[in-house]
1. Got a sec? Which of 116, 122, 144 is in a loop (DSSP other than H, G, I, E, B), at pLDDT below 80 and surrounded by fewer than 19 Cβ atoms within 10 Å (Cβ to Cβ)?
2. If you check 59, 29, 101, which single one turns out to be part of a helix (DSSP H, G or I), at pLDDT below 85 and either surrounded by fewer than 18 Cβ atoms within 10 Å (Cβ to Cβ) or not aromatic (Phe, Trp, Tyr) (or both)?
3. Can you tell me which residue among 88, 75, 8 is of a type in the set (Val, Ile, Thr) and in contact with an Asp or Glu (Cβ under 9 Å, 6 or more places away or on another chain)?
4. State which residue pairs qualify: first residue farther than 22 Å from residue 54 by Cα and inside the range 134-161, second residue surrounded by fewer than 16 Cβ atoms within 10 Å (Cβ to Cβ) in any location, beta carbons under 7 Å apart, and separation of 6 or more residues or different chains.
5. Of the residues that make up the range 4-17, is at least one in a loop (DSSP other than H, G, I, E, B), at negative phi and touching a Gly at 6+ places or on another chain (Cβ under 8 Å)?
6. Could you list all residues from the range 32-46 that are closer than 15 Å to residue 82 by Cα, part of a loop (DSSP other than H, G, I, E, B) and not polar (S, T, N, Q)?
7. Give me the pairs, please: first residue somewhere in the range 1-26 and farther than 24 Å from residue 70 by Cα and surrounded by fewer than 21 Cβ atoms within 10 Å (Cβ to Cβ), second residue anywhere and at pLDDT below 80 and of a type in the set (S, T, N, Q), beta-carbon distance under 9 Å, and either six or more positions apart or on two chains.
8. Sort through 49, 42, 34 and tell me the only one that's surrounded by fewer than 23 Cβ atoms within 10 Å (Cβ to Cβ), under 11 Å from the mean Cα position of the chain (by Cα) and without any contact (Cβ under 8 Å) to a residue 40 or more places away in the chain.
Amino acid sequence: MLTIAGIVNAFGITLFMIPVKLYDSGISGTSMLLEQITPSYLSLSLFLLILNIPLFLIGLKKQGKKFTFYAIYTVFIYSLFAWLITDVFPIDVSIASPLAGTDLLLCALFGCMICGLAIRFGGAMDGIEVMTVIFSKQLGKMVGTFVMIYNVILYMFVALY
């Protein structure tokens, strides 16, 4: 199921959200932003790996081997398929639907729905979940609070670019 989660998420992000510059949340959204503002040889999949590795190392220490292994595996599959879809075998979603490349609402609905399915299959799509669980336990706040704070800061930067 984790393999399916990673593949499904890669399709949702690369086919529906990136073409119209919609941003995911968490480390995925940060990776998408960095891909947009850096040279073209720095890809989404590279940023996904670079930004998640330190978080997973912290998670290994705090969350245990099983959780961390599953998260690393899912992000690796997500990164691999994002790279395959965007760089190796570029897929143009506008072939399937002419509106998909331009209609923001349609892309947001399909992209988020597909990413939601990936999470439903059990995939932790990035290391932000690891950090928020740790902060939540240490500070006694809900996980959602930390995710919201991170994403608000991320989207403020997205608005600047």
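The values are calculated or read from the model by the stated rules, or taken from the named source; none is laboratory data. All of these numbers come straight from a predicted model, not from anything done at the bench. As a convention, Cβ positions derive from the backbone with ideal geometry for all residues, glycine included, and neighbour counts pool all protein chains shown.
1. Checking each option against the conditions leaves just 122.
2. Selected residue: 59, the only one of 59, 29, 101 that is part of a helix (DSSP H, G or I), at pLDDT below 85 and either surrounded by fewer than 18 Cβ atoms within 10 Å (Cβ to Cβ) or not aromatic (Phe, Trp, Tyr) (or both).
3. Residue meeting the stated conditions: 75.
4. Close Cβ pairs (under 7 Å, with a partner that is surrounded by fewer than 16 Cβ atoms within 10 Å (Cβ to Cβ)) amount to 161/36; 161/37.
5. no
6. Of everything in the range 32-46, those that are closer than 15 Å to residue 82 by Cα, part of a loop (DSSP other than H, G, I, E, B) and not polar (S, T, N, Q) turn out to be 41, 42.
7. 19/94; 19/102; 20/102
8. Exactly one residue qualifies, and that residue is 49.
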